[in-house]
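**Student:** Below are the structure tokens for one structure; questions will follow.
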Amino acid sequence: MAKYTLLFFFLSTFIMEVRAQPPGAAKYVVITSEKGKTAVRTNEKGQLQVNVSPGDVRKFKAAGRVHYSDFGARGDGKTDDIDAIAATHAFANQNKFLVKADEGATYYIGGKERTAVIQTDTDFGTAAFIIDDTEVQNHNAPVFMISSVLQPFTPESISSLKRNQEKITASLPAPCLITVTNAHVKRYIRFGLNQNNGSPQTDIFVADQSGKVDMNAPIIWDFDQITNITALPIDEKTLYITGGRFTTIANKAESKYTYYSRNIAIRRSNVVADGLEHRVTGEADHGAPYGGFINISDCAYVTVKNTVLTGHKTYSTIGAAGKPVSMGSYDISVSRALNVSFVNCSQTNDINDRTYWGILGSNYCKNLLYDKCTLSRFDAHMGVANATIRNSTLGHMGINAIGSGLLTVENSTINGRTFINLRSDYGSTWQGEFFIRNCVFVPQGGKAASAALIGGSNSGEHDFGYTCYMPERITIENLRINDSNHPEDYQGPAIFSNFNPQMTGDSYHEKFPYAKTREVVLKNITTASGKNLRISDNPFMFKDVEIITQ
């Protein structure tokens, strides 16, 4: 008798305390190979006990793959198949087998606290998955967790870091994802209805074996001291997840910030998710928000392509300021991740329907890409270093960002209130440049509006934990502004919205000075209204901006 005990390790436990291990995934899975039938059961501790008959072991090894039905999944759309699905992946992980869903099957996944851990290529094919969130034991437990077998470690002799530092004093076993925190410094001290006291200074970057930092995703903060640092070797082989038609039956919980994470959580570097579909049904007049059906965190080099997603209905609650606030609810979430691309992705509902929240939320990311996407929103909450949107159409929530580096928008149509909105709750800051080329701007999706290209707000009175900047240089080439639907007193589109209505003369002094744009380069800007592009409704604030027309 051969007996193997597997304890699956998850990246989410070591990087941030808020990323606790989902209990359904953290339990042991005991795999045995004894005479009798292949069977899956749960013991009194809630652990999965999987017995694979010797004959089936030989058969699976010869095929190099396993199916969910091999471990008892019914696929009838009624029987809860999560234990069979989790067992299938556990056995596949142990033996490095491909997992393939049964063609035509419909797998029902109820509210049991159980996470299927994926560490090998998986083909969901044309199978359907019904994820029922109406009665859930643990709303934080993912349904699927794509994880690495590699384990993190603490690199020695690194006591400080500098912004844009090119090399760290560490010898690494392989290229690693480095996560570093200084808990004594708070950044992103949020302003407004969701105000808070900020978050510990955090950064994430890639270094090679010699400690050389990938400068395409540079260190963005000075770390005078480090309270936590972790290195995780990056998986060399790409893991592929393909197909699958997923439907979430929405929760009907109280409308408050208890984010549901019944999702596909990607916690491994070098992953391609191709051809997934996710729909949502059963949304009522209330419910808790969602933290992303595709939830990418603590990893690098992830591509999601040819994927169809769904915006979630917007619910409101009482925010930190004691006033009603709309809750963000996402079908895509990216956090502490580098080089993440969304290619040829779309959503099932109208990208301009304001009853649905914008589809993406992200924090602490670098090098995010939309290419050939039709989605309601691009968003960077707590900063992004470098982002690109190309060949895409964005809906009513448009482009919302704060961060640094280069933000590029090209060959795209934007339907937001402004072409780019610099989030005011984080200081409307972008320390770098904007480059806009070959685009169309439809203010508020064609509703009557006074057009402004760059939106935001900063009074200079709030300490966000960092100096706030407007992009130093903005280059706009070949932009068509479809502003034919506008108010009677419309003066023409503005480059900048009125960031600070109080700043109308030299007597106004900012407690926390806001660094203004130095230069705007314009080439071939046309408007449907026939009116010329102007600087702002607040020309005083932008009086020192140099406008270069080519």
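**Student:** Can you report the number of residues in the range 482-532 which are part of a loop (DSSP other than H, G, I, E, B) and either open to solvent by less than 20 Å² (accessible area, probe 1.4 Å) or out of contact with any Ser or Thr (no Cβ under 7 Å at 6 or more places or on another chain) (or both)? I'd like the intermediate steps shown before the answer.
**Tutor:** Residues of the range 482-532 part of a loop (DSSP other than H, G, I, E, B): 482-493, 497-513, 516-518, 528-532.
This time we only want the ones that are either open to solvent by less than 20 Å² (accessible area, probe 1.4 Å) or out of contact with any Ser or Thr (no Cβ under 7 Å at 6 or more places or on another chain) (or both), so: 482-483, 485, 488-493, 499-501, 503-513, 516-518, 530-532.
Looking only at that region, the number is 29.
**Student:** Taking strands (runs of 3 or more DSSP E) that fall entirely within the range 246-329, which contain at least 1 residues that are at pLDDT below 95 and in contact with a Gly (Cβ under 6 Å, 6 or more places away or on another chain)? Working first, answer last.
**Tutor:** Values: elements: 264-266, 271-274, 277-281, 291-305, 316-318, 324-326.
Filter on the range 246-329 gives 324-326.
**Student:** Criterion first (assigned to a loop (DSSP other than H, G, I, E, B) and open to solvent by less than 30 Å² (accessible area, probe 1.4 Å)) does residue 111 satisfy it?
**Tutor:** Working: assigned to a loop (DSSP other than H, G, I, E, B): yes; open to solvent by less than 30 Å² (accessible area, probe 1.4 Å): yes.
Yes: the conditions hold for residue 111.
**Student:** Of all the residues that make up the range 414-458, how many are in contact with a helix residue (DSSP H, G or I) (Cβ under 7 Å, 6 or more places away or on another chain) and at pLDDT below 95?
**Tutor:** So the answer is 1.
**Student:** Taking the range 427-443 as the search range and keeping residues that are assigned to a strand (DSSP E or B) and open to solvent by 10 Å² or more (accessible area, probe 1.4 Å), which one is nearest to residue 485 (Cα to Cα)? Reasoning before the result, please.
**Tutor:** Keep residues of the range 427-443 that are assigned to a strand (DSSP E or B), which gives 430-441.
Then keep just the ones that are open to solvent by 10 Å² or more (accessible area, probe 1.4 Å); that gives 431-433, 435, 437-438, 440.
On the way: 431: 33, 432: 33, 433: 30, 435: 26, 437: 23, 438: 22, 440: 15 Å.
Ranking the candidates gives 440 first.
**Student:** Also, quick follow-up: Of the residues that sit in the range 349-377 and are assigned to a loop (DSSP other than H, G, I, E, B) and touching a Lys or Arg at 6+ places or on another chain (Cβ under 6 Å), which one is most open to solvent (accessible area, probe 1.4 Å)? Lay out the reasoning, then the answer.
**Tutor:** The first filter runs over the range 349-377 and keeps only residues assigned to a loop (DSSP other than H, G, I, E, B), leaving 349-355, 357-359, 364, 372-373.
Okay, now just the ones that are also touching a Lys or Arg at 6+ places or on another chain (Cβ under 6 Å), so 358-359, 364.
Values: 358: 0, 359: 1, 364: 25 Å².
By that ranking, first place goes to 364.
**Student:** In the range 140-162, is there at least one residue being among the acidic types (Asp, Glu), under 22 Å from the mean Cα position of the chain (by Cα), at negative phi and in a loop (DSSP other than H, G, I, E, B)? Before the answer, list the steps.
**Tutor:** Initially, the range 140-162 is screened for residues among the acidic types (Asp, Glu), giving 156.
Next cut, under 22 Å from the mean Cα position of the chain (by Cα) only: none.
No - not one qualifying residue is present in the range 140-162.
**Student:** In the range 164-194, how many residues are surrounded by 14 or more Cβ atoms within 10 Å (Cβ to Cβ) and either within 23 Å of residue 319 (Cβ to Cβ) or out of contact with any Pro (no Cβ under 6 Å at 6 or more places or on another chain) (or both)?
**Tutor:** Total meeting the criteria: 19.
**Student:** Still on this structure, please answer the following. Looking at the range 279-306 only, could you name the residues that are touching a Cys at 6+ places or on another chain (Cβ under 8 Å) and either crowded, with 24+ Cβ neighbours inside 10 Å or under 18 Å from residue 139 (Cα atoms) (or both)?
**Tutor:** Of all residues in the range 279-306, those touching a Cys at 6+ places or on another chain (Cβ under 8 Å) come to 304-306.
Answer for the range 279-306, where residues must be touching a Cys at 6+ places or on another chain (Cβ under 8 Å) and either crowded, with 24+ Cβ neighbours inside 10 Å or under 18 Å from residue 139 (Cα atoms) (or both): just 304.
**Student:** From the list 70, 56, pick out the single residue that is of a type outside the set (A, V, I, L, M), open to solvent by 40 Å² or more (accessible area, probe 1.4 Å) and assigned to a helix (DSSP H, G or I). Spell out how you get there, then give the answer.
**Tutor:** Working: 56 fails: open to solvent by 40 Å² or more (accessible area, probe 1.4 Å).
Of the residues listed, the single one that is of a type outside the set (A, V, I, L, M), open to solvent by 40 Å² or more (accessible area, probe 1.4 Å) and assigned to a helix (DSSP H, G or I) is 70.
**Student:** Can you pull out every residue in the range 401-423 that is closer than 18 Å to residue 334 by Cβ, surrounded by 24 or more Cβ atoms within 10 Å (Cβ to Cβ) and in contact (Cβ under 8 Å) with a residue 40 or more places away in the chain?
**Tutor:** 407, 423, listed by residue number.
**Student:** Among the residues of the range 99-107, is there at least one that is over 19 Å from residue 247 (Cβ atoms), touching a strand residue (DSSP E or B) at 6+ places or on another chain (Cβ under 6 Å) and either surrounded by fewer than 16 Cβ atoms within 10 Å (Cβ to Cβ) or not small (Gly, Ala, Ser) (or both)? Full working, then the answer.
**Tutor:** In the first step, residues of the range 99-107 are kept if they are over 19 Å from residue 247 (Cβ atoms); the result is 99-100.
Now narrow it down to the ones that are touching a strand residue (DSSP E or B) at 6+ places or on another chain (Cβ under 6 Å): 99-100.
Right, trim to either surrounded by fewer than 16 Cβ atoms within 10 Å (Cβ to Cβ) or not small (Gly, Ala, Ser) (or both) and you get 99-100.
Yes: one or more hits.
**Student:** Read through the list (1) under 18 Å from residue 122 (Cβ atoms); (2) assigned to a loop (DSSP other than H, G, I, E, B), then give the number of the only condition that residue 44 fails.
**Tutor:** Failing condition for residue 44: (1).
**Student:** Just need a number here: residues in the range 382-400 that are surrounded by fewer than 24 Cβ atoms within 10 Å (Cβ to Cβ), in a loop (DSSP other than H, G, I, E, B) and in contact (Cβ under 8 Å) with a residue 24 or more places away in the chain.
**Tutor:** The qualifying residues number 1.
**Student:** Among the listed residues 74, 58, 41, 114, identify the single one that is touching a strand residue (DSSP E or B) at 6+ places or on another chain (Cβ under 6 Å) and of a type in the set (Lys, Arg). Before you say what the answer is, go through the steps one by one.
**Tutor:** Values: 74 fails: touching a strand residue (DSSP E or B) at 6+ places or on another chain (Cβ under 6 Å); 58 fails: touching a strand residue (DSSP E or B) at 6+ places or on another chain (Cβ under 6 Å); 114 fails: touching a strand residue (DSSP E or B) at 6+ places or on another chain (Cβ under 6 Å).
Residue meeting the stated conditions: 41.
The values are calculated or read from the model by the stated rules, or taken from the named source; none is laboratory data. What you see is a predicted model, and the numbers here were worked out from it, not measured in a lab. Note that each Cβ is placed from the backbone with ideal geometry, even for glycine, and that neighbours are counted across all protein chains shown. In case anyone asks, the SASA skips ligands and DNA or RNA and just uses the protein heavy atoms, side chains included. Shrake-Rupley method; radii C 1.70, N 1.55, O 1.52, S 1.80 Å.
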